[in-house]
Amino acid sequence: MPDTSSSTTVTPLPSLAAQAEHLIELGVPELAGIPADQLRAFAAEAGSHDGDALLAVHPDRAPASALAPLLRHDGKPGFVVTDMPDVDCFDPYTVEVPDAPLYLVTDVDRGDHMANWSPEEALPALAQQDRTPLLITEGIHWVLQRPAVLERNHCFMTIGSRLRKANGALDARTPAIWISNGTGRDGHERRNAPKVGWCWWGNRHTWLGFASATGRSHS
């Protein structure tokens, strides 16, 4: 297994009020069926977490397929890879999400120190560090608020989301967010665009860390 020493890549976030306004500008309340004033009120009530918390909309309200096109990198919109049409079927795995339309994710970290780990190796290591892996929607929310966390050769997986097959077995695909090279089915026009895709559960990638947080709460 790769080096298990921990490091931090936590990037300060905008205030929760600013995050709420940005989501409103992007039209997230409309796609989630949440009044903009409800988003503002939640941010105001949770304001003591400014700087260390990410404002997230529950994936049942704002799924990955709806959020991904709102991403931007190099002026290009985000997209979901063509061989992941079931992206919204990836449910929380080993993760407890608050039963609320809006919630907070604290101390988000890109997990650069886990680059070149496989998801299979990273999941138990995160648990040992008392950290919880991000959902794919939480990863998208993070990049929406802090586009700079998505860098070439420093992107991340979101292994808190997994797909369970009809027979109960877990799909070997594990979600990740990175920057397209514009090759293959992505299309040249998508070079440098934010990309929601997947990697195999047992594979390692030198350019993918494992995004995680210390916890989630409704306030």
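The values are calculated or read from the model by the stated rules, or taken from the named source; none is laboratory data. All values reported here derive from a predicted model rather than from experimental measurement. For neighbour counting, all protein chains shown are included, and Cβ atoms are generated from backbone atoms with ideal geometry for every residue, glycine included.
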Exactly one of these conditions fails for S118: (1) in contact with a Phe, Trp or Tyr (Cβ under 6 Å, 6 or more places away or on another chain); (2) over 22 Å from G47 (Cα atoms). Give me its number. (1)
With the condition being farther than 19 Å from C199 by Cα, out of contact with any strand residue (DSSP E or B) (no Cβ under 8 Å at 6 or more places or on another chain) and charged (D, E, K, R), I'd like the helices (runs of 4 or more DSSP H) fully within segment 28-147 carrying at least 2 qualifying residues. 36-45
A18: passes all of (1) crowded, with 16+ Cβ neighbours inside 10 Å; (2) at pLDDT 95 or above but (1)
Exactly one of V81, V57 is in contact with a Gly (Cβ under 6 Å, 6 or more places away or on another chain), under 22 Å from L134 (Cα atoms) and β-branched (V, I, T), and that one is V81
Out of the residues in segment 157-177 that are among the hydrophobic types (A, V, I, L, M, F, W, C) and surrounded by fewer than 22 Cβ atoms within 10 Å (Cβ to Cβ), state the one that is nearest to E121 (Cα to Cα). A172
Selection count, segment 60-69, where residues are of a type outside the set (D, E, K, R) and touching a Gly at 6+ places or on another chain (Cβ under 7 Å): 2
Being farther than 14 Å from F79 by Cβ, in contact with a helix residue (DSSP H, G or I) (Cβ under 9 Å, 6 or more places away or on another chain) and surrounded by fewer than 17 Cβ atoms within 10 Å (Cβ to Cβ) narrows it down to one of S217, S212, so name that one. S217
Sort through T82, T106 and tell me the only one that's more than 30 Å from A36 (Cα to Cα) and either β-branched (V, I, T) or touching a Pro at 6+ places or on another chain (Cβ under 6 Å) (or both). T82
